[in-house]
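See structure below.
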Amino acid sequence: MPAGKPCIQARSCPPGRLISDSEYVKMPRTMAPKNLAQASLEDLIEELLRKLCEDPEREGLVRTPKRVAESFRFLTKGYGQSAEAVLKKASFTESYNQMVLVKDIDFYSLCEHHLLPFYGKCHVAYIPNGKVVGLSKIPRVVDIFSRRFQLQERMTQQIATAIDTIIKPRGVAVVVDAFHLCMTMRGVEKQNTYATTSAMYGAFESHERTRMEFLSFIRRDANR
Ligand code: ZN
């Protein structure tokens with residue numbers, strides 16, 4: 001049996017047949033194969049289409065590598081941003097010492113195992129200890145960590161740790177509820193399963209009453 005994959009779509013590969021590596025090398029392409037490090041993101045996406053037996057030169061796909069590259073740059077722009085810098089710039093001295101809660105923050109991320117989206121809501125609370133942070137900076141921090149290839153568990157912890165380290169509050173709590181397309185589109189294909197992760201530091205970890213208060217705030221009016 002020849003090496004390669006069943007080919008399903010490209011003009012040059014009739015449905016169902018296997019394409020060998022030597023045939024693959026001979027397939028039409030707009031540019032000479034380059035070494036991987038020299039190839040642009042666009043080149044790599046064009047090559048990805050070819051590897052999946054598509055024809056990157058057909059009308060609908062001609063601009064796809066450029067679009068996908070732009071889309072990936074946007075979806076991963078958190079790598080170039082620093083949550084610490086954002087929080088440091090916007091923190092100021094304040095005597096308010098009760099819970100600050102920002103809930104239902106929409107986020108979109110990409111799972112690092114499948115590069116498929118996971119998305120949902122993030123809820124963040126902290127109890128100031130002499131310092132507060134501009135409220136709009138909390139969703140920005142969520143964006144910075146979600147616009148990367150991520151694990152929901154790690155993202156949850158990174159958000160909590162950034163706030164804990166920079167604001168040094170009496171406590172910080174982060175809860176993330178997310179749908180994972182790698183679960184719903186493929187694999188187990190369970191449409192309504194969502195995953196919840198949490199990170200609780202300081203008072204949220206040590207005081208059950210504080211934790212319960214936070215949880216009741218975020219679950220209030222929740223329709224799921
Ligand atoms: Zn996944």
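Listed values, structure above:
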| read-out | value |
| --- | --- |
| At 1.306 mPa s and 10 °C, Stokes D of the stretch 82-219 from Kirkwood alpha-carbon radius, µm² per second | 104 |
| Packing-based ranking, highest mean first, of 159-166, 203-210 given that Cβ atoms within 10 Å are counted | 159-166, 203-210 |
| Share of alpha-carbon pairs per 10 Å distance bin for the stretch 24-152, given as whole % | 11, 30, 25, 17, 11, 6, 1, 0 |
| Dipole in debye (nearest 20) - the stretch 82-219, about Cα centre, beta carbon charges: Lys, Arg +1; Asp, Glu -1 | 240 |
| Segments 122-130, 73-81 sorted - mean Cβ within 10 Å per residue, highest first | 122-130, 73-81 |
| For the stretch 108-122 and the stretch 157-224, distance of Cα centres in Å | 15 |
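All of the numbers you see were taken from the coordinates with simple rules; none came from a lab. Not measured: the values here are computed from a predicted model. For neighbour counting, all protein chains shown are included, and Cβ atoms are generated from backbone atoms with ideal geometry for every residue, glycine included.
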